[in-house]
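Take a look at the structure below.
The values are calculated or read from the model by the stated rules, or taken from the named source; none is laboratory data. Just so we're clear, the structure is a prediction, and the values are computed from it rather than from any experiment. When we count neighbours, we look across all protein chains shown, and the Cβ atoms used for this are built from the backbone with ideal geometry, even at glycine.
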Amino acid sequence: MKQKAVIPAGSEWVEKNVREFPGTPFARIGDEWTLITAGDKGNWNTMTASWGGLGVLWGKDVAFIFIRPVRYTFEFANANPLFTISFFDKSYRKALAVCGAKSGRDIDKAGETGLTPIVFKDGSIGFKEAAEVITCRKIYTHDFDPAKFLDPRIDAECYPQKDYHRMYVGAITGLQVKE
Ligand SMILES: Cc1cc2nc3c(=O)[nH]c(=O)nc-3n(C[C@H](O)[C@H](O)[C@H](O)COP(=O)(O)O)c2cc1C
């Protein structure tokens, strides 16, 4: 399904260093959930994610995201050099639940949730309604190898369909904060 047209991010967005990101990744990603968005303004997709991380690798501030190959977003994350992680306040929980239950193959996610896709100056796509958006450039991908799970419960509990996540490491290029 073709996703809704994207508008330029307005002047309410201020770029900050990611080290000013408020809260912990445990709460902001794990509890509050995020939207991972990849693509460009002509063709993009987004999905809800509550697994991921923010940290430091190879001397860079990075984000880790994990996408199962069956997701439509997987195609966009593979085909595009940039991705974003958008963070929302509690009032958008229902919108995030929709983006985590339905596929962009079948619905217009922005249309169905009322979220407004916006494009930042580097071409990354985020959402007008987000509180913060972390912009990333992919620097590494890795497909989880079941032979490497040291705790067999991970394979049994998380991968009954054997649809192992692909991990993407993104070098963080900025933190967009809506003021
Ligand atoms: C709270 C929540 C967290 C999720 N986290 C992930 C995740 O980290 N990785 C993943 O591949 N799917 C995750 N999903 C599932 C996708 O968001 C879901 O399958 C979505 O419909 C995929 O949309 P798409 O086909 O348009 O990409 C999560 C879903 C929910 C509700």
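Observations, loosely collected:
- Cβ-Cβ under 8 Å pairs, at least 6 apart or on other chains, region 84-105 side at negative phi and modelled with pLDDT of 95 or more, far side among the acidic types (Asp, Glu) and buried (at least 22 other Cβ atoms within 10 Å of the Cβ): Ser86/Glu132; Phe87/Glu132
- Selection within region 36-88 - within 13 Å of the ligand (Cβ to nearest atom), basic (Lys, Arg) and surrounded by fewer than 20 Cβ atoms within 10 Å (Cβ to Cβ): Arg68
- Verdict on Ala101 being in contact with a strand residue (DSSP E or B) (Cβ under 9 Å, 6 or more places away or on another chain), surrounded by fewer than 16 Cβ atoms within 10 Å (Cβ to Cβ) and outside any helix (DSSP H, G or I): yes
- Residue list for region 9-37, filter: modelled with pLDDT under 95 and hydroxyl-bearing (Ser, Thr, Tyr): Ser11
- Of the strands (runs of 3 or more DSSP E) lying entirely inside region 1-57, the ones with 3 or more residues being under 18 Å from Phe83 (Cα atoms) and in contact (Cβ under 8 Å) with a residue 60 or more places away in the chain are found at 13-16, 34-40, 43-49.
- Odd one out for Ile118 among (1) touching a Gly at 6+ places or on another chain (Cβ under 9 Å); (2) within 11 Å of the ligand (Cβ to nearest atom); (3) under 21 Å from Gly42 (Cβ atoms): (2)
- Filtered residues of region 67-83 (kept if part of a loop (DSSP other than H, G, I, E, B) and either in contact (Cβ under 8 Å) with a residue 40 or more places away in the chain or among the aromatic types (Phe, Trp, Tyr) (or both)): Arg68, Pro69, Val70, Asn80, Pro81
- One residue stands out among those in region 104-113 that are surrounded by 21 or more Cβ atoms within 10 Å (Cβ to Cβ) and either closer than 19 Å to Arg68 by Cα or among the aromatic types (Phe, Trp, Tyr) (or both): the one that is nearest to the ligand (Cβ to nearest atom), which is Gly104.
- Matching option when the condition is in contact with a strand residue (DSSP E or B) (Cβ under 7 Å, 6 or more places away or on another chain) and either of a type in the set (Phe, Trp, Tyr) or within 25 Å of Asn17 (Cα to Cα) (or both), among Ile67, Ile118: Ile118
- Within region 122-179, considering residues that are in a helix (DSSP H, G or I) and hydrophobic (A, V, I, L, M, F, W, C), the one surrounded by the fewest Cβ atoms within 10 Å (Cβ to Cβ): Ala147
- Residues being farther than 22 Å from Gln176 by Cβ, not charged (D, E, K, R) and not in a loop (DSSP other than H, G, I, E, B) - total across region 104-121: 1
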